[in-house]
Amino acid sequence: MKLATWNVNSLKVRLPQVLEFLGAHRPDVLCLQETKSEDAKFPIGEINAAGYQAVYSGQKTYNGVAILSPQMPQEVTMGIAEFEDPQKRVISALINGVRIICVYIPNGESVDSVKYGYKLDWLRRLNACLKDELTRYPKLAILGDYNIAPEDRDVHDPNFWTGKVLFSEPEKAALQDIMALGLQDSFRLFEQPEKSYSWWDYRLNGFKRNLGLRIDHILLSAELAKVCRSCTILREMRAKERPSDHAPVIAELVF
DNA sequence: ATGGCTTCATAGTGAAGA
């Protein structure tokens with residue numbers, strides 16, 4: 001079973017690349033973030049024509065998440081339980097007996113921004129929600145754009161990024177608290193190339209100079225980590241014409 | 001080594017992303 005995640009930075013703009021990706025990799029699950037698409041404008045026809053079903057929760061201009069699968073997703077829920085949030089950042093579903101949670105964690109803007117406080121509060125609420133999901137679904141995968149680089153090796157210049165948003169201690173601690181629920185970073189279950197990142201700034205030739213951060217993750221419950229055989233960042237998608245600033249990440253599970 | 005892209009909503013600029 002192949003599980004993938006990709007922040008597409010506008011599904012409307014990236015739809016041709018998404019369809020190409022589905023054809024090339026045939027994932028069983030593809031989680032999308034930053035669709036920036038109202039539900040009424042979601043390109044369901046093109047996705048169905050590619051052999052995929054989709055569930056989605058979007059809004060105009062900002063945010064927006066979706067789960068694509070050849071099978072119709074079951075037990076679909078939107079958002080975080082018991083948390084009223086107008087921003088469309090979470091969608092969950094059961095696919096093939098695996099609970100899939102697609103997340104677009106807030107960016108935070110900067111550590112002195114009100115959005116940073118929202119991000120930390122949001123992470124606490126996600127933690128509580130995941131704790132509950134784990135009790136109900138031992139086979140749990142949380143995929144998405146976390147907007148947090150977990151360790152020094154996930155950042156092109158740790159000195160530059162120390163204390164900055166995406167790499168500040170409270171953010172890293174919040175991610176560790178989530179992993180302490182019993183979740184593993186699938187990417188680090190395997191040997192990986194040095195300087196592996198999933199996002200590169202559009203500015204300053206960030207991709208060509210590999211000035212990146214690894215902020216897109218696939219976290220797996222113990223039961224799924226046991227059967228995970230690979231996890232790969234598909235950086236070639238970032239090298240295409242008119243790319244998203246994020247590359248997809250894909251993990252393979254063998255039951 | 002972050003003002004220096006890209007996208008969206010709009011009709012010339014501004015917000016937001018990371």
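General observations
- Hits in the range A:156-179 (condition: of a type in the set (A, V, I, L, M) and either under 18 Å from A:E194 (Cα atoms) or more than 10 Å from DNA strand B (Cβ to nearest atom) (or both)): A:A173, A:A174, A:L175, A:I178, A:M179
- Within the range A:1-26, residues that are modelled with pLDDT under 95 reach no partner that is polar (S, T, N, Q) and surrounded by fewer than 17 Cβ atoms within 10 Å (Cβ to Cβ) with beta carbons closer than 6 Å at six or more positions or on different chains.
- Screening A:R99 with (1) part of a strand (DSSP E or B); (2) over 20 Å from A:Y146 (Cα atoms); (3) not aliphatic (A, V, I, L, M) gives one miss only, at (2).
- Pairs with Cβ under 6 Å, 6+ apart, first in the range A:70-89 and on the phi > 0 side of the Ramachandran plot, second β-branched (V, I, T) and surrounded by 14 or more Cβ atoms within 10 Å (Cβ to Cβ): A:G79/A:V90
- Test result for A:V114, free of Cβ contacts under 8 Å to residues at least 12 places away in the same chain and hydrophobic (A, V, I, L, M, F, W, C): yes
- Meets criteria (more than 12 Å from DNA strand B (Cβ to nearest atom) and within 16 Å of the chain's Cα centre (by Cα)) for A:L140: yes
- The set of residues in the range A:1-33 that are surrounded by fewer than 24 Cβ atoms within 10 Å (Cβ to Cβ) and in a loop (DSSP other than H, G, I, E, B) comprises A:M1, A:N9, A:S10, A:R26, A:P27, A:D28.
- Checking A:N96, A:N48 one by one, the residue that is away from DNA strand B (no atom under 14 Å from the Cβ), polar (S, T, N, Q) and closer than 27 Å to A:V254 by Cβ is A:N96 and no other.
Okay, residues lined up against (1) of a type in the set (K, R); (2) at pLDDT 95 or above; (3) out of contact with any His (no Cβ under 7 Å at 6 or more places or on another chain); (4) crowded, with 16+ Cβ neighbours inside 10 Å:
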position	(1), (2), (3), (4)
A:V103	no, yes, yes, yes
A:P106	no, yes, yes, yes
A:D112	no, no, yes, no
A:K119	yes, yes, yes, yes
A:L123	no, yes, yes, yes
A:N127	no, yes, yes, yes
A:L130	no, yes, yes, yes
A:L134	no, yes, yes, yes
A:P138	no, yes, yes, no
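- Per the conditions (1) loosely packed, with under 14 Cβ neighbours inside 10 Å; (2) touching a strand residue (DSSP E or B) at 6+ places or on another chain (Cβ under 9 Å); (3) free of Cβ contacts under 8 Å to residues at least 40 places away in the same chain; (4) closer than 20 Å to A:L166 by Cα, the sole criterion not satisfied by A:K208 is (4).
- Residues located in the range A:93-151, provided they are β-branched (V, I, T) and either out of contact with any helix residue (DSSP H, G or I) (no Cβ under 9 Å at 6 or more places or on another chain) or within 23 Å of A:K226 (Cβ to Cβ) (or both): A:I95, A:V98, A:I100, A:I101, A:V103, A:V114, A:T135, A:I142
The values are calculated or read from the model by the stated rules, or taken from the named source; none is laboratory data. These figures come from a predicted structure and were not determined experimentally. Neighbour counts are summed over all protein chains in view; Cβ atoms, including those assigned to glycine, are modelled from backbone coordinates with ideal geometry.
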